[in-house]
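Structure first, then comments.
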Ligand SMILES: [Mn+2]
């Protein structure tokens, strides 16, 4: 994406920050795995959102003081050892060009500690005089998670008790929820990778194929198409395994006559797609599979039609759930609509973007620019059938646009495609 996108994101955040404030963001680094091995680095999504940079060991500082604002980036200084053993690091000029930050304001990490100490103190050389507020990325998925921002926050509370600490996600969640047109283009690219790989797997699958082969083939095809890879651990489930919502074993042979449920996503840069398709491993649905599949497909399409600005996620959930309940009752899968939870046990939607389960409040009416999933399902364990059909939908000013409309989901289209 163009540097103006990231400049715009920083400007929006700075506008919301209190006067006399400092905001700090870390690119982070790859977590330790074992011995001298590390897990692959994942860009910190807030850091990426504000800079366009997806390399580890960089820090961003935003400062605001009586109408004056400053943006500084701290990066690793490269040396001969790093260049020869690990590969060349980004230069100041390269980082400045991607983020759209003046190269004069790109510094080396060795200067970072002193810069922060000066910035938070009542120092005449500080860019912000007597700072009153510090914004950090204090997101944590669980209480015992040790993010670098949390460590810093304790240090700040200790040394600078006069400074008020804030979680920058208070602003960033809502900003990230409504996508810029440039971001939608990225998500569409991720959806395009998904389409290519899902269709390739449909062609490749045969009875007896192991789920892990299909998962591996999917990832291979994603990468062949230019994607960085999976946007989350894929769920590739044959037959009754598909009734386990977050099945990740992906290690059983798919029996003859079974449906394969693939809940998978692709990356385009750090942006994610999240698509589920369910198809018969033989290429032909049985009459019973058709019946259940058509029910889920009808609800998938009706729920997509329901999406427009102003509706609540709760309304969308209820709408899809009621439709599924009515359909299941008609098919004799349940005896009363209240029993729908025995055949469908998740919500129909979540936000999508830089994260697969993206940030943002689920309590406010939907606005244009939000991207969400629509994913009704029907799970009948005793028949060995699990079906989910998931699309990625953009809320527009007038309604919605299905970003994954091009990915096969009609029964006749899937059968014709797999027969070719
Ligand atoms: Mn999903």
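Relative to the longest principal Cα axis of the chain, at what angle does helix 211-224 sit, 0 to 90 degrees, rounded to 10? Long axis of 211-224 versus the principal axis of the chain: about 50 degrees. Over the chain, DSSP H runs of length four or greater, each weighted -39,500 (n - 2.57), average out per residue to a 222 nm ellipticity of -11000 deg cm²/dmol. Taking springs between alpha-carbon atoms closer than 10 angstrom, which of 198, 389, 82 fluctuates most in the Gaussian network model of the chain? For the chain, modelled as a Gaussian network with Cα springs under 10 Å, the answer is 82. Packing, taken as the mean count of other beta carbons within 10 Å per residue, orders the peptides 135-143, 298-306 from highest to lowest as 298-306, 135-143. Note on the range 3-175: antiparallel DSSP beta bridges, both residues inside, total approximately 60 percent of the bridges counted.
Ranked by the mean number of other Cβ atoms within 10 Å of their residues, highest first, the peptides 228-237, 331-340 fall in the order 228-237, 331-340.
Among 227, 121, 404, whose mean-square fluctuation peaks in a Gaussian network model of the chain (Cα, cutoff 10 Å)? Result: 121 has the largest fluctuation of those listed.
Mark the label point 7 Å from the Cα of residue 94 along Cα→Cβ and return the residues of the range 13-53 whose backbone N is within less than 20 Å of it. Answer for the range 13-53: 27-30, 40-44, 47-53. Given R₀ = 22 Å, what would the calculated FRET efficiency be for residue 347 paired with residue 42, taking r from the Cβ atoms and rounding to 0.05? The calculated FRET efficiency here is 0.30.
A Gaussian network model of the chain, with springs between Cα atoms under 10 Å, assigns the largest mean-square fluctuation among 318, 206, 330 to 330. Relative to the longest principal axis of the Cα atoms of the chain, the long axis of helix 287-306 makes an angle of roughly 40 degrees. Relative to the longest principal axis of the Cα atoms of the chain, the long axis of helix 313-330 lies at roughly 10 degrees.
Look at where the Cα atoms of the range 189-237 and of the range 275-301 average out, and the two centres are 19 Å apart.
Where the centroid of each part is defined by its Cα atoms, how far is the range 1-57 from the range 343-420 in Å? First find each Cα centre; the distance between them is then 29 Å.
Taking packing as the residue-averaged number of other Cβ atoms within 10 angstrom, the listed peptides 154-162, 307-315, 289-297 run from highest to lowest as 289-297, 307-315, 154-162.
Taken together, the values in this text are just the output of simple stated rules run on the coordinates, not laboratory data. Just so you know, these numbers come straight off a predicted model, no measurement behind them. All Cβ positions, even for glycine, are placed from backbone atoms using ideal geometry, and neighbour counts span all protein chains on display.
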